[in-house]
1. Tell me the residue from I291, I303 that is touching a helix residue (DSSP H, G or I) at 6+ places or on another chain (Cβ under 9 Å), open to solvent by less than 10 Å² (accessible area, probe 1.4 Å), closer than 16 Å to I125 by Cα and not in a loop (DSSP other than H, G, I, E, B), please.
2. Please state which one of F191, F172 is hydrophobic (A, V, I, L, M, F, W, C), modelled with pLDDT of 95 or more and more than 20 Å from the chain's Cα centre (by Cα).
3. Do we have P332 as open to solvent by 10 Å² or more (accessible area, probe 1.4 Å) and more than 17 Å from Y62 (Cβ to Cβ) here?
4. Quick check: is even one residue across the range 212-229 open to solvent by 30 Å² or more (accessible area, probe 1.4 Å), within 29 Å of W51 (Cα to Cα) and either of a type in the set (D, E) or not in a loop (DSSP other than H, G, I, E, B) (or both)?
5. Count, please, the residues in the range 230-259 that happen to be among the hydroxyl-bearing types (S, T, Y), closer than 25 Å to P329 by Cβ and either open to solvent by 10 Å² or more (accessible area, probe 1.4 Å) or modelled with pLDDT under 95 (or both).
6. Among the residues of the range 325-343, is there at least one that is farther than 15 Å from D129 by Cβ, touching a Gly at 6+ places or on another chain (Cβ under 8 Å), modelled with pLDDT under 95 and not in a loop (DSSP other than H, G, I, E, B)?
7. Give all pairs with beta carbons closer than 8 Å in which a residue from the range 201-217 that is farther than 15 Å from K348 by Cβ meets a residue that is open to solvent by 40 Å² or more (accessible area, probe 1.4 Å) and part of a helix (DSSP H, G or I); count only pairs at least 6 apart in sequence or on separate chains.
8. How many residues are assigned to a strand (DSSP E or B) and open to solvent by 20 Å² or more (accessible area, probe 1.4 Å) if we restrict to the range 75-91?
Amino acid sequence: MKITGNSPSLSRRGVLKGGALLAGSLAAAPVLGACGGSGGGGGKRVVVADWGGALVEAEKKYIFEPFSKETGIEVVVSGPPTGAKIKGMVDTGNIEWDLIAGGPGTVLPIGREYFEALPDNLLNIPGIDPSYVDKNWVTYYLFSVVLGWNTSVIGAGKRLTGWRDFWDTQKFPGRRSLRGADNGVPPDMEFAVLGDGVDPRAVYPIDVDRAFRSLDRIKGQVPQWWVSGAQPGQMLVSKQVGATSIFSGRVGELKAKGAPLDFTYNGGMFELASWSVPKGAPNKENAFKLIEYSVRPQVQATIWSKYPNGPANSKALALMDKEFAKTLPSHPANLEVQFLQNSEWWGKNRDAVLKRFQQFAKS
């Protein structure tokens, strides 16, 4: 069964020609800045729904706090921005959030009618590739899911070059893990077909039957399908698995701290992490201002030098350490060997694939 009905994806080369979710949630809604303001449209505040964890701590320090200092607009962090919560707020007219950390993978499954159209000034920002912008979202960083491994488990001197190697547990020993289907996040179906020999340029539409046949071949080697961003790194460091899909920022941080890990961008999937404004947001003008601030080249260079995601504004790369910039997902050399997740395909097929994967994982 090949699920079809998808629109053409944003291709890797299309993106290059034109110019990736994190786990955790926040138990509370900390306030950044002390500017006061009410929740009304004229208030000097903006409520951001984000995913928590180390990424949000970096965003607070390098985006939200400087923004508040410059504009006098207080930033309140809330979340996590689940699709069900967004839909429920808009349907009831009880809009608690002004800005959503999400992207096409958040907007398309819910529906564009749940989000504000962005003003023209946000749709034509110098340095932001047109493929990263839509009337309902502006990308502020890229992140990649890549193939990572523990060098001591795989074997001295060995290096995996792609997903065919991942599936070869004889040549590259150790158990495996891939992203599962909890929390509504799509499982790693793309890597399953790549591991079965599909050309990266022909991943979409995903041949779902072929992907499940491929997953079934390594199912016995999978102690756990990971569902939070921290899990694959923990499994690699503890040697619970020898290789896994993993966010490039996570494996890069662990490697920099001395863990015997390595990874490759070859065959990686990059995704767009974008800002969207829910329909009827009470402080949408302030949300628009925060979006604009977050994609300024210097702001991008600062935060993504501290937390290794890829800046969406290409002008930021020139402001960063050149060698460090080469390690980031959005560096041109790394984009060239990756493919962009097709959010339109997932928007149409996600529910059916998630249901089938959950049944597969339990069997």
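The values are calculated or read from the model by the stated rules, or taken from the named source; none is laboratory data. If you're wondering where the values come from, they're calculated on a predicted model, not measured in any experiment. Reconstructed Cβ throughout: ideal geometry from the backbone, glycine too, with neighbour counts over all protein chains shown. The area values use the complete protein model at the heavy-atom level, side chains included, leaving out ligands, DNA and RNA. Shrake-Rupley method; radii C 1.70, N 1.55, O 1.52, S 1.80 Å.
1. Details: I303 fails: closer than 16 Å to I125 by Cα.
Every option except I291 fails the conditions.
2. Values: F191 fails: more than 20 Å from the chain's Cα centre (by Cα).
Of the residues listed, the single one that is hydrophobic (A, V, I, L, M, F, W, C), modelled with pLDDT of 95 or more and more than 20 Å from the chain's Cα centre (by Cα) is F172.
3. Numbers: open to solvent by 10 Å² or more (accessible area, probe 1.4 Å): yes; more than 17 Å from Y62 (Cβ to Cβ): yes.
Answer is yes for this residue.
4. Narrowing the range 212-229 to residues open to solvent by 30 Å² or more (accessible area, probe 1.4 Å): 213, 216-217, 219-221, 223-225, 227-228.
After this cut, where a residue has to be within 29 Å of W51 (Cα to Cα) as well, the list is 223-225, 227-228.
When the remaining residues are screened for being either of a type in the set (D, E) or not in a loop (DSSP other than H, G, I, E, B) (or both), the result is none.
No: zero hits.
5. 1
6. Checked the range 325-343: at least one residue is farther than 15 Å from D129 by Cβ, touching a Gly at 6+ places or on another chain (Cβ under 8 Å), modelled with pLDDT under 95 and not in a loop (DSSP other than H, G, I, E, B).
7. Between residues of the range 201-217 that are farther than 15 Å from K348 by Cβ and residues that are open to solvent by 40 Å² or more (accessible area, probe 1.4 Å) and part of a helix (DSSP H, G or I), the close pairs are F212/R356.
8. Taking the range 75-91 first, the residues assigned to a strand (DSSP E or B) are 75-78.
With the extra rule that they be open to solvent by 20 Å² or more (accessible area, probe 1.4 Å), the set shrinks to 78.
So the count comes out to 1.
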